[in-house]
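Report on one structure; see the data block that follows.
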Amino acid sequence: MIRFENVTKVYDRKARPALDSVSLEIQRGEFAFLVGASGSGKSTFLRLVLREDRATSGGVFVAGQNVASLSSWRVPRLRRGIGVVFQDFRLLPQKTVFANVAFAMQVIGRNRSIIRDAVPEVLKTVGLEGKEHRMPHELSGGEQQRVAIARAVVNRPGILLADEPTGNLDPSTSQGIMAVLDKINQNGTTVVMATHDTDIVNSMRKRVIELQDGHVIRDEARALYTSLIPSVPPAERRDGEGGRA
Amino acid sequence: MRVTFILGEIASGLRRNVSMVVSVILVTFVSLTFVGAAGMLQLQITQMKGYWYDRVQVAIFLCGEGSTAPGCVSGPVTGEQQAALADLLESPAVAQYVNDYHYETREEAYEHFKEQFANSPIVDSVTPDQLPSSFRINLKDPEKYQIISETFSSQPGVETVVDQRQLLERLFSVMNGASLVAIVIAGIMIVCAILLIATTIRLSAFSRRRETAIMRLVGASKIMIQLPFVLEGVIAAAVGAVLASATLWGVSQFFLGDVLAKQYPDTAFISPSQTLVLAPLLIALGILLAGVSSIVTLRRYLKV
């Protein structure tokens, strides 16, 4: 579903690259955590998938399409296949819960009748039944994030990108959000979640991709936040890894 | 759905930005009024040309008592001189340029003079023998005045050859100057309008940056994101253009029609309906200005 082939992203020629020759593949329907310190390249990874930025070199394939060579008028179509959730929710404060979710459908030209059916359904999926007419400021942080998730998945994207979705939430609320993301993943959506939240990664036991200074230093299935295997310094690793796909 | 959604976005954008929208309306209104005023002056010139060029003639004034021109050394024009001039007018070399001509006696000249200056006390102090007799020539092509002038100026008995068109040209050049001034002012105001529209669109894009960010993320098309902003500017400019058209119509209806036309009954002023011809042009110009400046602004300030 998402495939990086030797992707390098340089923002500033003088500084080290944000991503340095990263190659990895995330399968359809997978749930992957992207972990690593701030500045390790997690956000850059997500921006490249969304085509907010273009890779400096290498190929970024999303659903079989090379995003790097996508002409700008086709970018909206790419983004319709990707839902995004942020740490700060990014709801429209003057719109109700229903209107916030419906907005994502209105702006891509969906029919009113489809919106009337789809919005309550997706609100039910995220556990917000009966709160359609609340305003965002009347909701708790967890509920606001559920609205944001509902908005991200209402157009049934194949991929859901979550950039520290639990960063502003307390642990128990975070567990609720993770249950929602897991449910969405069970329905067949590929989920990629960048996070710092050790507890969540450890409790989910999903694939973990660890980035450090723009390199993938660990990529394990059913893993924990910190590796059980002692990590190898990136420089040595690059010399030795050669033919690794 | 799309249409109602876009209309809703435009309405909310206009509501959030009322003061800026009003200023865009006023600036386009003033600038397009000046553009329209220049247009009206040009229409008026065309109208007067059409009206006068058929009537205006080349006049060959003949010598009277006390004429000092070189052709008048032998005193007032004689019967033979006058006949010779008439023969010359009939000769093929000249006749090919002449539509028709007639001879105006001093008495006729006096009658015309009295008519023209009916309201002026000058009439009482003028007598027929102070006015010269003349040949009034209507040319097939008014541009050929030079040929007539060269042929007749040096003839005996001719005091002077006057192209009445030149008198009108002086008036027209004044009017052309006025329309040039109007165009310059309009140009400056249009620059103001363009910059103001650009600023308004920037503000509008800034105040709705959350919405546009989400639109981008969920894959709204460029048109869907940008069209509300462009239309906001276009609507404001179009309102300004309509106001400008209404003002010009008012000027031609009440100022030209009711005031000037009564003072100068001989002059053919443009009618209000002729002024309305300018309205679609002004509206199109307003829409074009707003559309282009907002698209250029959005390209810089609204990433898609």
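The values are calculated or read from the model by the stated rules, or taken from the named source; none is laboratory data. Every value quoted in this text rests on a predicted model; they were computed, and no experiment measured them. Using ideal geometry, Cβ is built from the backbone for each residue, glycine included, and neighbour counts are taken over all protein chains shown. Accessible surface is based on the protein model in full, side chains and every heavy atom, while ligands, DNA and RNA are left aside. Shrake-Rupley method; radii C 1.70, N 1.55, O 1.52, S 1.80 Å.
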_Matching entry among A:GLU164, A:GLU138 (being under 12 Å from the mean Cα position of the chain (by Cα), surrounded by fewer than 21 Cβ atoms within 10 Å (Cβ to Cβ) and more than 14 Å from every other protein chain (Cβ to nearest Cβ))_ = A:GLU164
_helices (runs of 4 or more DSSP H) contained in the stretch B:220-304 and holding at least 2 residues in contact with a His (Cβ under 7 Å, 6 or more places away or on another chain) and open to solvent by less than 30 Å² (accessible area, probe 1.4 Å)_ = none
_Against the conditions (1) without any contact (Cβ under 8 Å) to a residue 24 or more places away in the chain; (2) not assigned by TED's automatic domain parsing to the domain that holds A:THR190, where does A:GLU132 fall short? Just the number, please._
(1)
*Filtered residues of the stretch A:123-135 (kept if open to solvent by 10 Å² or more (accessible area, probe 1.4 Å) and assigned to a loop (DSSP other than H, G, I, E, B))*: A:GLY127, A:GLU129, A:GLY130, A:LYS131, A:GLU132, A:HIS133, A:ARG134, A:MET135
_Out of the residues in the stretch A:199-218 meeting the condition of being in a strand (DSSP E or B) and of a type in the set (D, E, K, R), tell me which one is modelled with the lowest pLDDT._
A:ARG218
*Within the stretch B:68-89, identify whether any single residue is closer than 30 Å to B:THR275 by Cα and of a type outside the set (Val, Ile, Thr), and answer yes or no.*
no
*All but one of (1) open to solvent by 50 Å² or more (accessible area, probe 1.4 Å); (2) under 27 Å from A:GLY167 (Cα atoms) hold for A:ARG79; which doesn't?*
(1)
*Just one of (1) within 14 Å of another protein chain (Cβ to nearest Cβ); (2) open to solvent by less than 50 Å² (accessible area, probe 1.4 Å) trips up B:LEU7, so point out which.*
(2)
*Being of a type in the set (Val, Ile, Thr), touching a strand residue (DSSP E or B) at 6+ places or on another chain (Cβ under 9 Å) and free of Cβ contacts under 8 Å to residues at least 40 places away in the same chain is the filter here, so list the residues in the stretch B:55-80 that pass it.*
B:THR68
_Members of the stretch B:13-45 found to be in contact (Cβ under 8 Å) with a residue 40 or more places away in the chain and within 14 Å of another protein chain (Cβ to nearest Cβ), listed by number_ = B:GLY13, B:ARG16
*Please give the number of the condition B:THR4 fails out of (1) farther than 30 Å from B:LEU195 by Cβ; (2) touching a residue at least 60 places away in the same chain (Cβ under 8 Å); (3) of a type in the set (Ser, Thr, Tyr).*
(2)
*asked:* Of everything in the stretch A:141-156, what is at the interface with another protein chain (Cβ under 10 Å from one of its Cβ atoms) and either more than 21 Å from A:ASN185 (Cβ to Cβ) or of a type in the set (S, T, N, Q) (or both)? Give them in sequence order.
replied: A:ASN155
*asked:* Can you say whether B:ARG208 is surrounded by 15 or more Cβ atoms within 10 Å (Cβ to Cβ), within 14 Å of another protein chain (Cβ to nearest Cβ) and not β-branched (Val, Ile, Thr), as far as the supplied structure shows?
replied: yes
*Determine, yes or no, whether B:THR105 is away from every other protein chain (no Cβ under 14 Å), open to solvent by 30 Å² or more (accessible area, probe 1.4 Å) and touching a Ser or Thr at 6+ places or on another chain (Cβ under 7 Å).*
yes
*Residue satisfying condition, being modelled with pLDDT of 85 or more, surrounded by fewer than 17 Cβ atoms within 10 Å (Cβ to Cβ) and not charged (D, E, K, R), within set B:SER31, B:SER19*: B:SER19
